[in-house]
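The block underneath contains the structure these notes are about, expressed in structure tokens.
Throughout, read-outs are computed from the coordinates displayed, never taken from laboratory work. These figures come from a predicted structure and were not determined experimentally. Because the Cβ atoms are built from the backbone with ideal geometry, glycine has one as well, and the counts that use them run over all protein chains shown.
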Amino acid sequence: MKKQQVANSHKIAIERASMMEDLIDKKNQLLADVSHELSTPLTVLKLQVESLKDDLEDDVHATYNSLENKITDIEHLIDDISQLTQSDIGALQLNLQPFELNNTLDFWEKELTLFVNKNKLNFEIIRDLPNKFIVNFDRDRIKQIFINLLTNSIKYTDKPGQVKLLATTKNNILYLSIEDSAPSVLDKDLDAIFERLYRVESSRNRETGGSGLGLAICKSLIEEHNGKIYAQHSYLGGLKVVMELPC
């Protein structure tokens, strides 16, 4: 009996040590990736400031606009890292309140449509929801998820293209999805794209800016709502991100 207990304790100790080693590796990788993400805009900033100092810029106004854009990129990256850190330590607070989902989607539709259309993509919302459908979510966080996913579609979808938001229910589960037209990702990337700063090995990997944390933030917010999120290939030829939330 004692031998069995010692063996079990030894096995648990090995498993814990392995988990700690894995966590340290992931932390070190995240720090390396974040350092890389910060170094690019900072390098550009430094070069542009030096050019301004040496009067090498022909269009000073355009250079200042570029500097402002790079500073905004850095601010967004820092905000994204802060939000994920809060989620990791359980400090992310949700403002859960009941609201009628149909009315909310009506209210958001014009804004989301303009956001997608100005990037040369068609957008539509398709709903199959009960009337007066009350949900108890953090309304602002749900909108943030939509914006992050639509931003992802805008970055990687060939223009002209299509983007659709679908909302339906089944067995007390709310299904929300955003899908787009080509290109898609490889099968092996469908789960991995929700990892922080993951880069896919396909035509959907482009130098389009952004922090590379948008999908990871969506995952953390959906899980804070006790839901789950996953990716599939879209029948439109691109990517489909599905969210399941308990009603």
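Backbone amide hydrogens, once placed in the peptide plane, bring LEU92 within less than 5 Å of SER87, excluding anything fewer than 5 places away on its chain. Using the average count of surrounding beta-carbon atoms within 10 Å as a protection proxy, the listed peptides 174-186, 138-150 rank, highest first, as 174-186, 138-150. Here the range 97-246 is treated as a Stokes sphere of Kirkwood radius computed over C-alpha pairs; at 20 °C and 1.002 mPa s its diffusion coefficient rounds to 137 µm²/s. Peptide packing for 215-223, 43-51 was compared via the average number of neighbouring C-beta atoms within 10 Å per residue; ordered from the highest value, the list is 215-223, 43-51.
Strictly over 18 Å apart at the Cα level, which of LYS70/LYS143; LYS120/LYS164; LYS164/LYS240; LYS155/LYS188 would you flag in this model? Present the calculation step by step, with values, prior to reporting the outcome.
On the way: LYS70/LYS143 25 Å; LYS120/LYS164 14 Å; LYS164/LYS240 9 Å; LYS155/LYS188 20 Å.
Exceeds cut-off: LYS70/LYS143; LYS155/LYS188.
Summing charges over all other residues whose Cβ lies under 12 Å from the Cβ of VAL49, with Lys and Arg as +1 and Asp and Glu as -1, gives 0.
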